[in-house]
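Each remark here refers to the structure printed beneath this line.
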Amino acid sequence: MLDAIRYLVDNGIKWRAMPADFPPWDRVYEFFRRWRDHALVREFHDRLRARVRERLGRDAEPSAGVIDSQSVKADAVVGADSRGFDGGKLVNGRKRHVVVDTLGLLLGVMVTAADTGDRTAARVLLAQVADAHHRLALVWADGGYTGSLVEYCLATLALVLAIVKRSDDMRGFVVLPKRWIVERLFAHLMRTRRLARDYERRTTSAEAMVYWSMILLMTRRLTRPHSGRG
């Protein structure tokens with residue numbers, strides 16, 4: 001079942017196109033739905049993340065992270081109630097709001113309509129992440145997260161939100177401190193064919209697909225020989 005879901009996520013196939021050497025597609029989907037609805041996929045993901053961190057000599061729980069969002073086009077099956085238009089990115093679809101640790105491993109994800117503001121979503125997502133990861137004390141973010149959110153994080157979540165801004169005199173592509181970490185995660189998601197576009201009717205399914213994509217990445221890390229370098 002696990003291999004079937006990972007195959008679907010990695011290769012971007014439809015549920016009904018599941019190859020014959022896997023269980024029937026409806027049984028695989030029922031497995032996916034049960035793990036999604038009971039948060040089992042997140043629990044499985046979090047255990048793998050702890051193992052990866054420990055293998056690299058880190059504490060199982062992070063103390064710092066990075067937050068950002070990614071707008072992606074939505075398929076026709078995505079209803080008007082969970083899609084929108086991101087005027088900044090010119091994308092009609094959904095937005096993935098994520099928090100990652102300093103290794104680029106996922107700490108939390110929330111999928112919304114693309115017209116949802118980053119600061120609005122961050123209030124909810126950071127509260128969830130801070131509640132689940134009690135050692136988390138510092139989160140880096142870009143200029144889109146300025147304003148009252150900084151004070152809210154400090155006063156309500158005991159979390160320092162550090163804004164990494166792009167200088168006005170910068171031209172072209174520039175690697176900004178810490179922010180490249182979350183961009184690397186977005187690049188991985190876009191290489192996962194099921195996530196190159198949002199095909200899920202429910203936002204909870206879209207979030208589960210992100211977790212499955214990261215499970216695929218971490219199992220590859222855990223099964224290849226360890227070089228001793230982070």
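In the set E183, E207, which member is part of a helix (DSSP H, G or I) and at pLDDT 95 or above?
The unique qualifying residue is E207.
Would you kindly identify the strands (runs of 3 or more DSSP E) lying entirely within region 72-151 that contain at least 2 residues that are at pLDDT 95 or above and small (G, A, S)?
106-113
Quick check on my filter: what residues within region 1-32 are closer than 17 Å to S213 by Cβ, of a type outside the set (A, V, I, L, M, F, W, C) and open to solvent by less than 70 Å² (accessible area, probe 1.4 Å)?
R6, D10, N11, G12
Looking at the structure I just gave you, is D3 in contact with a helix residue (DSSP H, G or I) (Cβ under 9 Å, 6 or more places away or on another chain) and either closer than 21 Å to T203 by Cα or not aliphatic (A, V, I, L, M) (or both)? Spell out the reasoning first.
Details: in contact with a helix residue (DSSP H, G or I) (Cβ under 9 Å, 6 or more places away or on another chain): no; either closer than 21 Å to T203 by Cα or not aliphatic (A, V, I, L, M) (or both): yes.
Considered against the rule, which asks whether it is in contact with a helix residue (DSSP H, G or I) (Cβ under 9 Å, 6 or more places away or on another chain) and either closer than 21 Å to T203 by Cα or not aliphatic (A, V, I, L, M) (or both), D3 comes out as no.
Can you go through L149, L90 and tell me which one is over 23 Å from R49 (Cβ atoms), open to solvent by 20 Å² or more (accessible area, probe 1.4 Å) and of a type in the set (A, V, I, L, M, F, W, C)?
L90
Based on what the data block shows, is F44 of a type outside the set (G, A, S), open to solvent by less than 80 Å² (accessible area, probe 1.4 Å), in contact (Cβ under 8 Å) with a residue 60 or more places away in the chain and under 30 Å from L138 (Cβ atoms)?
yes
If you check R123, R83, R58, which single one turns out to be among the charged types (D, E, K, R), at negative phi and either open to solvent by less than 10 Å² (accessible area, probe 1.4 Å) or touching a Phe, Trp or Tyr at 6+ places or on another chain (Cβ under 8 Å) (or both)?
R123
If you check T203, T219, T192, which single one turns out to be among the β-branched types (V, I, T), touching a Ser or Thr at 6+ places or on another chain (Cβ under 6 Å) and either under 14 Å from Y7 (Cα atoms) or free of Cβ contacts under 8 Å to residues at least 12 places away in the same chain (or both)?
Exactly one residue qualifies, and that residue is T192.
Assess whether D21 counts as being in a loop (DSSP other than H, G, I, E, B) and without any contact (Cβ under 8 Å) to a residue 40 or more places away in the chain.
Yes.
Somewhere in region 54-62, is a residue farther than 24 Å from R220 by Cα and either outside any helix (DSSP H, G or I) or modelled with pLDDT of 95 or more (or both)?
Restricting attention to region 54-62, the residues satisfying the condition of being farther than 24 Å from R220 by Cα are none.
Among the residues of region 54-62, not one is farther than 24 Å from R220 by Cα and either outside any helix (DSSP H, G or I) or modelled with pLDDT of 95 or more (or both), which makes the answer no.
If A155 satisfies all but one of (1) open to solvent by 10 Å² or more (accessible area, probe 1.4 Å); (2) outside any loop (DSSP other than H, G, I, E, B); (3) in contact (Cβ under 8 Å) with a residue 12 or more places away in the chain; (4) of a type outside the set (D, E, K, R), what's the number of the condition it fails?
(3)
Could you tell me which residue of region 71-80 is nearest to E183 (Cα to Cα), considering only residues that are under 18 Å from the mean Cα position of the chain (by Cα) and open to solvent by less than 20 Å² (accessible area, probe 1.4 Å)?
So the residue we want is V72.
Residues that are at pLDDT 95 or above, in a helix (DSSP H, G or I), hydrophobic (A, V, I, L, M, F, W, C) and under 14 Å from L103 (Cβ atoms): does region 30-46 have at least one? Break it down into steps so the answer makes sense when it comes.
Going residue by residue through region 30-46, those that are at pLDDT 95 or above are 30-46.
Subsequent filtering for residues that are in a helix (DSSP H, G or I) retains 30-37, 40-46.
Imposing the further condition that a residue be hydrophobic (A, V, I, L, M, F, W, C) reduces the set to 31-32, 35, 40-41, 44.
Then drop every residue that is not under 14 Å from L103 (Cβ atoms), which leaves none.
Among the residues of region 30-46, not one is at pLDDT 95 or above, in a helix (DSSP H, G or I), hydrophobic (A, V, I, L, M, F, W, C) and under 14 Å from L103 (Cβ atoms), which makes the answer no.
The values are calculated or read from the model by the stated rules, or taken from the named source; none is laboratory data. Nothing here was measured: the structure is a model prediction, and the numbers come from that model. Don't worry about glycine lacking a Cβ; one is built from the backbone with ideal geometry, like all the others, and counts go over all protein chains shown. In case anyone asks, the SASA skips ligands and DNA or RNA and just uses the protein heavy atoms, side chains included. Shrake-Rupley method; radii C 1.70, N 1.55, O 1.52, S 1.80 Å.
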